[in-house]
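Peer 1: Right, I'll just put the structure down here and ask away after.
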Protein chains: 2
Amino acid sequence: MRQNPARRGALLDAAIDVLAREGARGLTFRAVDGQAGVPGGTTSNYFANRDDLLTQAGARIYEHLTPDAATMARSLDGSRDRKRVAELMHELVARIGTHRTGYLALLELRLEATRRPGLRVVLTQQIKADIDANITYHMESGLPGDATTVLLLYLAMNWLIVEQLTLPDVFTEAQLHDLVERAVEHLVPPN
Amino acid sequence: MRQNPARRGALLDAAIDVLAREGARGLTFRAVDGQAGVPGGTTSNYFANRDDLLTQAGARIYEHLTPDAATMARSLDGSRDRKRVAELMHELVARIGTHRTGYLALLELRLEATRRPGLRVVLTQQIKADIDANITYHMESGLPGDATTVLLLYLAMNWLIVEQLTLPDVFTEAQLHDLVERAVEHLVPPN
C-alpha cells in the first residue's frame, strides 16, 4: 500500500464526496479516482479493498467534524449555564451547512454498515468514542446537566440534523430555532 | 400502466425490500422483477419511471408503519398520563424489529431525496402529514403535553431508532430503555 499521507487524505475526501453524491453502492475505486482527478488505479494502490476504503472514510469524516482546539476553547467562553448550551446547539445546527457532505456520507456509511459487519464494528467504536468525548467535555467544562442530558441532546439534535439535511422543508428556520430552544429548556437543568 | 392493485402492492413491497438491502442506487425495475419473482418487464408495466416507483414506495412504507385502527384504539386503553406515554414509546421502539425493512428503506429514500427534487416534495408532504397526525392524535387522546412535546419526542425517538437499526451495539438494551424513560420524564409534563 502506498503511504503518502496527503495523497491518502485527498483520496478519502474524494471518497466522502462520492458517498454523499452517489450513495455507498456508488463508491468504487474507479469513482474515487475520477472524483480525485488522479490516474485510474491510484485508489487501489492506497486501500486494500472496499471495506478498508469505507472504514477509513468513516474515520476521516470524524476528523473533519470534530471541532479544532481553537473552536473548543472558544466554546468555553462566556457563561456555563443553560443559555450557553442553547448557543452551542444553535452553532452545531448552523455548522450543518458547511459539513453537509460529511454528514450525508456518514448516514450512507451507517446504512452500509447494516450490510458489512466489519464496517459496523469500526463505526460503532467511533460513535461510542464520540459520545464519550461529548459527555466528558460537557462535564469537565462545568456546563449544567449530566451524562443523560448529553445523550438526550445527542438524540434530538441528530434527528434535527437529518431532517434539515434530507427534507429541509419539513420545518421552517423559525421552527428549527424554536425546537433547539425548547429541547435545551426541557433537557438541561437551569444551572 | 397496469392497474391490478394486489400486483402493484406486491411490486412495491419488493421495491422496499430492494431499497433496504441494496440501497437506492440498487433499485432498478429489473431488481424489483427479480425480488418479486415476476417475469422481466412486469415492473415497467406498473410504474412510469424510477421516480414514480420511488415515490409510491415511500407512500407504501407509510401505509405499513401507520398502526391499524385496532392498535390505535388499544393504545388509548388505560391511563392518559406520562406513564402511558412512556409505554407507548417503548412499544414504538419494540416495533422497530418488525418494521426494520420499512425504516431502512425510508432512510434510503430520504438520502435519495437529496438527489431527486420530485421525491423530496412527496416525502416532505408525507412526513409533514405524519407529524401533524401524531400531534392531533396526542392532543385529542388527552395525553399530557402539547405540540412541542410531540415534536421533541419525535426527534429523540427517531434518532434512537436510527441508532438501534444501523449500529445496535452503540447502546445496550438497558441503556435504550433508560433513554426512553428519561426522554419522557424530561419532555412530557406529569399530567
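The values are calculated or read from the model by the stated rules, or taken from the named source; none is laboratory data. All values reported here derive from a predicted model rather than from experimental measurement. Every residue, glycine among them, receives a Cβ derived from its backbone with ideal geometry; neighbour counts consider all protein chains shown. Protein only, heavy atoms only, side chains kept; ligands, DNA and RNA dropped before computing areas. Shrake-Rupley method; radii C 1.70, N 1.55, O 1.52, S 1.80 Å.
Peer 1: Step by step: first the residues of segment B:157-172, then only those that are out of contact with any Phe, Trp or Tyr (no Cβ under 7 Å at 6 or more places or on another chain) and over 14 Å from A:L111 (Cα atoms), then the one that is surrounded by the fewest Cβ atoms within 10 Å (Cβ to Cβ). Which residue is that? Even if it seems obvious, please write down each step before you answer.
Peer 2: Within segment B:157-172, the subset out of contact with any Phe, Trp or Tyr (no Cβ under 7 Å at 6 or more places or on another chain) is B:157, B:160, B:162, B:164, B:166-172.
Checking which are over 14 Å from A:L111 (Cα atoms) leaves us with B:157, B:160, B:169-172.
Details: B:M157: 20, B:L160: 26, B:D169: 14, B:V170: 18, B:F171: 19, B:T172: 10.
Per the criteria, the residue is B:T172.
Peer 1: Does segment A:107-118 hold any residues that are at the interface with chain B (Cβ under 10 Å from one of its Cβ atoms) and assigned to a helix (DSSP H, G or I), and which are they? Explain how you work it out, then say what you get.
Peer 2: Here is the first cut: in segment A:107-118, the ones at the interface with chain B (Cβ under 10 Å from one of its Cβ atoms) are A:107-115.
Answer for segment A:107-118, where residues must be at the interface with chain B (Cβ under 10 Å from one of its Cβ atoms) and assigned to a helix (DSSP H, G or I): A:L107, A:E108, A:L109, A:R110, A:L111, A:E112, A:A113.
Peer 1: Looking at this structure, is A:A36 crowded, with 19+ Cβ neighbours inside 10 Å, away from every other protein chain (no Cβ under 14 Å), out of contact with any strand residue (DSSP E or B) (no Cβ under 8 Å at 6 or more places or on another chain) and without any contact (Cβ under 8 Å) to a residue 60 or more places away in the chain?
Peer 2: Values: crowded, with 19+ Cβ neighbours inside 10 Å: yes; away from every other protein chain (no Cβ under 14 Å): yes; out of contact with any strand residue (DSSP E or B) (no Cβ under 8 Å at 6 or more places or on another chain): yes; without any contact (Cβ under 8 Å) to a residue 60 or more places away in the chain: yes.
The answer is yes for A:A36.
Peer 1: I need the full set of residues from segment A:173-191 which are open to solvent by 50 Å² or more (accessible area, probe 1.4 Å), touching a residue at least 60 places away in the same chain (Cβ under 8 Å) and in a helix (DSSP H, G or I), in order please.
Peer 2: If the condition is that a residue be open to solvent by 50 Å² or more (accessible area, probe 1.4 Å), touching a residue at least 60 places away in the same chain (Cβ under 8 Å) and in a helix (DSSP H, G or I), then A:H177, A:E181, A:E185 are the ones that fit.
Peer 1: While we're looking at this one, here's another question. Which pairs turn up if I take residues in segment B:147-160 that are more than 7 Å from chain A (Cβ to nearest Cβ) and look for partners that are buried (at least 20 other Cβ atoms within 10 Å of the Cβ) and not in a helix (DSSP H, G or I) with beta carbon separation below 6 Å, at least 6 apart in sequence or on another chain?
Peer 2: If the second residue must be buried (at least 20 other Cβ atoms within 10 Å of the Cβ) and not in a helix (DSSP H, G or I), the pairs left are B:T149/B:V188.
Peer 1: A further question on this structure: Residues that are out of contact with any helix residue (DSSP H, G or I) (no Cβ under 9 Å at 6 or more places or on another chain), without any contact (Cβ under 8 Å) to a residue 24 or more places away in the chain, open to solvent by 40 Å² or more (accessible area, probe 1.4 Å) and small (G, A, S): does segment B:87-95 have at least one?
Peer 2: Yes, segment B:87-95 contains at least one residue that is out of contact with any helix residue (DSSP H, G or I) (no Cβ under 9 Å at 6 or more places or on another chain), without any contact (Cβ under 8 Å) to a residue 24 or more places away in the chain, open to solvent by 40 Å² or more (accessible area, probe 1.4 Å) and small (G, A, S).
Peer 1: When residues of segment A:64-101 are filtered for being under 12 Å from A:L143 (Cα atoms) and part of a loop (DSSP other than H, G, I, E, B), how many remain?
Peer 2: 7
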